[in-house]
Amino acid sequence: MGIENRSRPFGTAKRGEEDAVNPGQVHPGRPVDSQFPDQPVNSQFNGKVVCEQAVYTCVCTAACQGYRVIAASEGLSSHECNEIVRYAPALGGLCVDSPEATGVSFFPISDDRFAILHTCHAGKEPTGRGGRRTYTRIFVIRADDLRRFRNNPFALVRAVAAEGGLVVDLAADVTLPRLALSPERGLSPPVFDFAGGPISEKWIAPATDRLLSGSEVAFLAGAEGAVLAELILLTIPAPARSQISLSTGVTFAVSRPHRLIVLANVSPQTRERIAGTEYVFLDSSADSGSAPGASHPWARTVDRFIETRRTHALIGMLADRFGEGDVKALERIGELCLALENAASNRLENLIDVAIPYVGLSADLPLERELARQVVRLVRHRFSSLISHADCGQLSNAWKRMLASEPRTPEAARLVEESAALAVTRMSCLDPVEAMRMILDSGAAMTADHSATDLEYARQTVMTCVATWIAQAAEEDLTAAGGVLEDWCCRHPEDAAAAENLDHLRLRTAEISQSAATNEPVEVGAAAE
């Protein structure tokens, strides 16, 4: 299932009142209409990723005052800058009113490029209106180059910070240089540890689920907003992340229609505004028990990984193994990942059911085929391990589930047969008579359409165990087993071992009866001799 982008096209929304301060034009004196050269500009930077940059903040001069682009690199035109600053926060645009507050925004712009905005406070508002001035660094990157950051805008921000590119400079040159960035300096994500934290991990999968279904999400995350925004983004495979426009630490505004808005705080008035939109509001400050469930298989996989403290394993898988085509099959891959998790469980009776849909699966996508093979391989391993310690009740339950299964391929039928043989063999060691009943109950169900090699071997094992058991069994047990063994011989007249066991059982029963009549003990093992 692909990820539907239901956001309005960027550049078409009206500006909000909080951003209504004069956006201005780019500073005169530079070639505002210059475009990217025909050849990729990063070819001259030894493999680094090159992005354009600009600064948007409030200035107060004799010529003008208000929020405007005060500096930009040559690859940005005035039209592009105006397109971008429609989504840049201005006075009061950050959630937290403190000198250290920051915000990040990410969205697509024209010509298959993306804008990443980093906003902070830069002293007092110079226009005399009061409050703090916001200072926004704008970075524009090509889609191909963003992929080198695994489509993670937070990774780009870290790489910029490593180059000193987030410094507040109110006296910057009108024309800024392009930035040359090393992706590896930003790709290591922060550590996500929910143990003892203010936010429960139960809220992450619901956010992922709503994004996968095409909804817009407003997420109240408190002080952990930036970290949680990145985690939510990283729960989505890298090829699809570019479809999730977002902001974190920036106040809610309907004029900034991002797919994901992560807020540090929400006033009652803002709650009302959100309620009047199509946004799904997730309040992570509420009790984790009130977190909504996830229905998309991939979101449920995310929940399982995070719940079991394997967040970094999930992120690693999404970074290295997903291709463009895999995202289109995300629902099926989510089901496979859940099956892989279930295959690692300790529930013997359900294991074969987990594997049956994926035995001999014909899939076009390499990742789907690989996961299917892993599911079947793990089920076989776990079943063999658990069966050796199973008791009679567990074996009986597993056997009933296997009899009720409906394998759709010869390979799946073969897996059922192999597993059934293991269950019968184990039962023959615990209760040989019950093992006989298991095989008799199966009738033609296990052998109608395929070779019964494994069950034939299991029948031989059962008869060997029955021979040993007859020599030691009490009279009442022998009486109960007699009918079962007679039925066996009727079903399998060619089974010489079964006929011999039936003769031994009758002889043993007669000796016990004779001994009871004469009060003489019967030597254990005499019938077997």
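All of the numbers you see were taken from the coordinates with simple rules; none came from a lab. These numbers come from a predicted model, not from an experiment. Positions of Cβ are backbone-derived with ideal geometry, glycine not excepted, and every protein chain shown enters the neighbour counts.
Translational diffusion coefficient, Stokes-Einstein: compute it for region 245-288 using the Kirkwood radius over C-alpha pairs as Rh, at 25 °C and 0.890 mPa s, and state it as an integer in µm² s⁻¹.
Numbers: Rh = 11.0 Å.
Once the numbers are plugged in, D ends up at 222 µm²/s.
Quick one, what does Rg over Rh come out to for region 95-171 if you take C-alpha atoms and the Kirkwood Rh? Working shown, then result.
Numbers: Rg = 14.1 Å, Rh = 13.7 Å.
Here Rg/Rh amounts to 1.03.
With the crude spin-label approximation of a point 7 Å out along Cα→Cβ, what separation in nm comes out for residue 271 versus residue 472?
7.0 nm
What share of all Cα pairs of region 287-426, in percent, falls into each consecutive 10 Å distance bin?
Each 10 Å bin holds this share of Cα pairs: 11, 37, 30, 19, 3.
Rank by packing, highest mean first: peptides 266-278, 247-259, with packing defined as the count of other Cβ atoms within 10 Å averaged across residues.
Values: 266-278: 12.5, 247-259: 22.9.
Per-residue mean Cβ counts within 10 Å order the peptides as 247-259, 266-278.
I want to check the label-to-label distance for residue 285 and residue 64. Put each point 7 Å from Cα in the C-beta direction and report it in nm to one decimal.
Between residue 285 and residue 64, the label points sit 3.8 nm apart.
Can you list which of the DSSP-assigned H helices in the chain have a Cα extent of 27 Å or more along the long axis and an average Kyte-Doolittle score of at least -0.5?
Numbers: long enough: 366-387 (31 Å, -0.11); 410-430 (30 Å, 0.47); 496-518 (33 Å, -0.18).
In the chain, the long hydrophobic H runs are 366-387, 410-430, 496-518.
Which of 389, 312 has the fewest other C-beta atoms within 10 Å, and how do the rest follow up to the most?
Going from sparsest to densest Cβ surroundings: 389, 312.
Semi-axes, largest first, in whole Å: what does sqrt of 5 times each Cα gyration tensor eigenvalue give for region 391-504?
Details: eigenvalues 125, 46, 24 Å².
Calculated on Cα positions only, the semi-axes equal 25, 15, 11 Å.
Would you mind ranking 490, 465, 392 so that the residue whose beta carbon has the fewest other beta carbons within 10 Å leads the list? Kindly include the intermediate steps, with their values, before the conclusion.
Values: 490 10, 465 20, 392 13.
Exposure proxy ranking, most exposed first: 490, 392, 465.
Please give the FRET efficiency for residue 453 paired with residue 497, using the beta carbon to beta carbon distance and R0 = 22 Å, rounded to the nearest 0.05.
Working: r = 17 Å, r/R0 = 0.78.
In this case the efficiency is close to 0.80.
Over the chain, one equal point on each Cα, no solvent: what is log10 I(q)/I(0) by the Debye formula at q = 0.08, 0.10, 0.13 Å⁻¹?
For the requested q values the scattering log ratios are -0.65, -0.83, -1.18.
For a footprinting-style exposure proxy, rank 136, 453 by other Cβ within 10 Å, fewest first. Working shown, then result.
Working: 136 25, 453 13.
Ranked by crowding around the Cβ, least crowded first: 453, 136.
I'd like the per residue volume of the convex hull spanned by the Cα atoms of region 113-235, given in cubic angstrom. Could the numbers behind the result be given before it?
On the way: hull volume 19.2 nm³, N = 123.
It is 156 Å³ per residue.
Lys/Arg Cβ at +1, Asp/Glu Cβ at -1, dipole of the chain taken about the Cα centre: which of 91, 423, 378 is farthest positive-ward?
Most positive-ward Cα: 91.
As an exercise, use a Förster radius of 25 Å and the Cβ-Cβ distance of residue 374 and residue 408 to find the FRET efficiency, rounded to the nearest 0.05. Display every interim value, and only then the final one.
Numbers: r = 20 Å, r/R0 = 0.79.
Result of the calculation: an efficiency of 0.80.
Let me know the whole percent of all Cα-Cα pairs from region 17-290 that are separated by more than 23 Å. Numbers along the way, then the final one.
Working: 19452 of 37401 pairs.
Across region 17-290, Cα pairs with separations above 23 Å total 52 percent.
At 7 Å along Cα-to-Cβ for each site, give me the label-to-label distance between residue 173 and residue 319 in nm.
Reported label-point gap for residue 173 and residue 319 is 3.5 nm.
For the chain, what's the relative contact order in percent, using C-alpha pairs closer than 8 Å and at least 6 residues apart? Walk me through the numbers on the way to the answer.
Values: 895 pairs, mean separation 59.1, N = 529.
Relative contact order of the chain: 11 percent.
Using just the helices of the chain, give the 222 nm mean residue ellipticity in deg cm²/dmol: DSSP H runs with n ≥ 4 each add -39,500 (n - 2.57), and the total is spread over all residues, rounded to 500.
Working: 19 runs with 226 residues, N = 529.
Theoretical 222 nm ellipticity from helices: -13000 deg cm²/dmol.
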